[in-house]
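Colleague: Pasting a structure here, questions to come.
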Amino acid sequence: MCGVFGVHAPGRDVARLSYFGLYALQHRGQESAGIAVSEDGRLTAVRDLGLVPQVFDERTLSGLHGEYAIGHTRYSTTGANAWENAQPLLQHGRVRTVALGHNGNLVNAEELREEAGRPLSSTSDSEVIAALIADDERPLAQAVAATMARLEGAATVVGLADGKLFAFRDAFGFRPLVLGRLGNDPVVASESCALDLVGAAFEREVRPGELVIADEEGLHSVQALPPAEHGALCIFEFFYLARPDTRLAGVEVHGARVRMGERLAAESPVEADLVLPIPDSGTPAAIGFARATGIPFSEGLIKNRYVGRTFIQPEQGMREQGIRMKFNPLAEVAGKRVVVVDDSIVRGSTTRQIVQMLFDAGAAEVHVRISSPPVVSPCFYGIDLASEDEMIAAHSTVDDVRATIGATSLAYISLEGLQAATRRPAGALCRACLTREYPTRVPADAAKLRFERV
């Protein structure tokens with residue numbers, strides 16, 4: 001999961017616009033950030049490890065001039081959390097220089113890297129996309145379209161080359177990408193919330209398989225690839241990844257998550273005194289659960305919002321340390337039967353520690369309700385979920401999981417209930433992490449650090 005942003009706005013401070021766009025997308029990646037600009041066809045990029053405000057300050061931004069800019073926040077899914085894997089990356093090819101940011105994971109990255117015929121400086125799967133475009137002798141639109149046809153898996157991409165901005169989605173549309181306008185100037189971003197922050201009006205979503213190019217003559221659209229017969233927008237975006245104020249496929253994420261909580265209450269009611277969320281991603285579902293049951297809603301757990309998202313820290317040890325730093329229960333849980341609502345359980349470490357925290361704070365009962373079905377299979381399209389052996393629900397019953405996390409009771413929403421809450425048809429979403437049914441072939445070696453060995 002990463003965040004991408006792009007803008008063509010002559011006369012505006014495109015680097016500053018990208019900075020604020022990335023701020024809105026910070027939840028999509030906290031390991032590194034970067035901005036690249038194009039001024040009269042010359043590309044300049046600044047990228048580093050850290051959050052957006054750690055990488056950029058007033059002095060850095062004031063040195064980035066141009067008519068075009070792209071930005072990227074990274075959460076590593078292929079390749080280590082290292083500077084050389086920060087994006088946007090610059091690729092100096094035989095034909096052109098390309099700046100590129102990528103959200104997603106390729107399932108044929110290994111074959112493409114071998115076909116590149118030259119060493120690549122990073123260990124991510126993104127650089128090979130830039131290399132293919134940079135070495136293609138055809139005009140930019142044709143070069144990008146030809147590259148798109150060679151990619152398998154998830155690729156939502158923004159780039160700069162030949163004094164132009166380009167952006168595209170793979171034919172399945174695994175990861176979101178929206179198009180907006182700041183006045184007459186085109187803006188693309190992973191989520192609509194980024195358009196809101198920079199003052200751009202939402203225009204539409206970039207279609208699966210579509211390539212958009214912005215240049216001095218305006219915005220051009222090419223359906224470079226036919227959309228897949230069944231779309232595959234990631235269902236994890238709906239219940240965890242996307243910001244609540246984002247709209248995915250025309251559906252407000254917050255509203256969808258509230259409906260998940262309402263459906264969860266109907267499917268798995270419980271007698272309790274308080275409903276409390278695991279903030280922040282569990283909050284809308286907890287609101288829905290409380291509304292549907294009439295059980296009072298309480299914060300219950302206070303979150304230190306200066307600690308990053310525990311799910312997307314790169315190592316399990318860091319995740320567990322983050323949990324202890326991140327949450328603290330309120331005294332009001334003492335003696336109460338509490339319902340804890342969260343968006344998902346993957347490894348179970350977060351949930352187990354939170355349940356124990358609540359019991360230590362005096363809770364009489366801790367009932368856990370999850371607004372997604374059990375996560376049972378890895379993602380090959382841009383989420384570092386874990387291997388199947390690490391997934392607590394992959395080979396366990398619900399009661400086994402309940403015992404492991406130490407809860408009084410545990411229930412998940414049904415797959416049908418989750419699907420209904422999104423208001424999207426089953427054929428429009430990728431649900432492979434919940435069903436083991438993948439829309440593409442899967443790689444033989446999907447290890448996150450596989451290219452570190454090359």
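Colleague: What ranking do HIS72, HIS395 get, fewest neighbouring Cβ atoms within 10 angstrom at the top?
Modeller: The fewest-first ordering by Cβ neighbours comes to HIS395, HIS72.
Colleague: For the range 252-423, how big is Rg over Rh, using alpha carbon atoms and the Kirkwood form of Rh?
Modeller: So for the range 252-423, dividing Rg by the Kirkwood Rh gives 0.94.
Colleague: With all pairs of different alpha carbon atoms counted, what Kirkwood hydrodynamic radius in Å does the range 3-232 show?
Modeller: When all Cα pairs of the range 3-232 are included, the Kirkwood radius is 16.9 Å.
Colleague: In degrees, nearest 10, range 0 to 90: what is the angle between the Cα axis of helix 349-360 and the longest Cα principal axis of the chain?
Modeller: 30 degrees
Colleague: Can you give the extra length, in nm with one decimal, that the chain gains between HIS220 and GLU203 once fully stretched, where that is 0.36 nm per residue apart less the Cα-Cα distance?
Modeller: Difference between extended and current length: 4.7 nm.
Colleague: I would also like to ask the following. Can you check how the C-alpha radius of gyration of the range 163-235 compares to 2.2 N^0.38 Å, as a plain ratio?
Modeller: Relative to the 2.2 N^0.38 Å estimate, the range 163-235 comes out at 1.10.
Colleague: Taking R0 as 60 Å, what's the FRET efficiency between ARG118 and ALA364 from their Cβ-Cβ distance, rounded to 0.05?
Modeller: In this case the efficiency is close to 0.40.
Colleague: In the chain, what percentage of the DSSP-assigned beta bridges are antiparallel, given to the nearest 5?
Modeller: In the chain, DSSP labels about 80 percent of beta bridges as antiparallel.
Colleague: Nearest 0.05, what FRET efficiency do SER62 and ASP280 give at R0 = 30 Å with Cβ-Cβ as r?
Modeller: 0.35
Colleague: Given a Förster distance of 45 Å, report the FRET efficiency between ALA331 and ALA146 from their Cβ-Cβ distance, rounded to the nearest 0.05.
Modeller: For R0 = 45 Å, the calculated efficiency reads 0.10.
Only the coordinates and a few stated rules stand behind these numbers; no lab work does. Note that this is a predicted model, so its numbers are computed, not measured. Virtual Cβ from ideal backbone geometry, glycine too; neighbours counted across all protein chains shown.
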